[in-house]
Amino acid sequence: MAATNYLFALAIACLLLVPLPGLSRCDDPRRGRDLAEGCNPSGALRPTTSHSCEDCCKAGQSYPTYVCSPPTSSATRAVMTLNDFEAGGDGGDPSECDGHFHKNTERVVALSTGWYANGSRCNKNIRINANGMSVLAKVVDECDSLHGCDREHAFQPPCRPNVVDASQAVWDALNITGDDVGEYDITWSDA
Ligand SMILES: *[C@@H]1O[C@H](CO)[C@@H](O)[C@H](O)[C@H]1NC(C)=O
Ligand SMILES: *[C@@H]1O[C@H](CO)[C@@H](O)[C@H](O)[C@H]1NC(C)=O
C-alpha cells in the first residue's frame, strides 16, 4: 500500500514537473527505484522552505526517505554520484566516519544509509566495478537516506537508498570523464 501511494505520488510529481526545467529530478528517483529492489521508502520529507541551488530541496515537494538499502552481494548494483568531500564543498559537514574533510584526490566514498550500516563499513575499502575497470575506495561517510533538506546536508534531498557517492579521484581512476561524470551505474562489493 505504501509503495502504491509512493508510485502514485511520484507519477503526480513528475506530471507536474514536465514543463519545468527540473525534469531530471523526476528521472532520478525512478532510476533509483529500479535498482532498489526490496527496499521501499520508510517515510518522506516535506520541506516548508525552498533553497535556490539547482539540486536543493524545494518547498511543496515530497522527498522519500529510506532506512534500508538493497541487499548486498558480490556485485551489488548501485548508482555512483559525484561528491565534494572538501571543506566548503557540497558534501556538507565533515565525513561521518572520522569527523574530517577529505581531499577530492583521495579515493573515498559515502554510502547510502542502509549500506553505511551504522558505520560498520567505516574506513574499510569497497571495490567498485564500472566502465570495464575496477578500483578500491575507502568508505568515509554516510549518504544520508533518512535526513536532508537542512544546512547539515547542504540543503540536498535525502540520498536514494542505492548510492555510492564518490570523490573525483574515484571517477578518474575508473576513467569516466566528460558528460558521463555525475551519475553512473556501477557494481560494488566489500573488499
Ligand atoms: C543500526 O542501529 C539501529 C539502532 O541500534 C538498528 O535498529 C539498525 O538495525 C542498525 N542498522 C544496520 C543496517 O545495522
Ligand atoms: C580511458 O578512456 C579513453 C576513452 O574515453 C580511452 O581512449 C583510454 O584508453 C582509456 N584509458 C584506460 C586506462 O583505459
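Rule-based calculations on the coordinates, nothing more; no lab input. Everything numeric in this text was worked out from a predicted model, so none of it was measured. Counting neighbours? That spans all protein chains shown, and the Cβs are built from the backbone with ideal geometry, glycine included.
Neighbour counts of other C-beta atoms within 10 Å: give me His102, His153 arranged from fewest to most.
Least crowded to most crowded, the residues run His153, His102.
Between Cys143 and residues 5 or more places away or on another chain, which pairs have amide H atoms under 5 Å apart, with H built 1.01 Å from N, and which residues are they?
Close amide H contacts, sequence-distant or interchain: Leu111, Ser112, Thr113.
If the cut-off is a Cα-Cα distance under 20 Å, which lysines reach Lys124, setting aside same-chain residues fewer than 8 apart in sequence?
Lys103, Lys138
How long is region 37-190 along each principal axis, judged by its Cα atoms, biggest number first, in Å?
For region 37-190, the Cα spread along each principal axis is 42, 34, 32 Å.
By how many nm would the segment from Asp180 to Ala117 grow when fully extended, if each residue of separation counts as 0.36 nm and the alpha-carbon distance is taken off? List each step's numbers first, then the result.
Details: separation 63, 0.36 × 63 = 22.68 nm, distance 2.87 nm.
The span from Asp180 to Ala117 would gain 19.8 nm if fully extended.
Loop only by DSSP, 15 or fewer other Cβ within 10 Å of the Cβ. Give me the trypsin sites (Lys or Arg not before Pro) in region 123-176 that pass, ordered by residue number.
Of the trypsin sites (Lys or Arg not before Pro), the ones in loops of region 123-176 whose Cβ has at most 15 other Cβ atoms within 10 Å are Lys124.
How far, in nm, would the chain grow between Asp98 and Glu54 when pulled straight, counting 0.36 nm per residue and subtracting the alpha carbon separation?
12.9 nm
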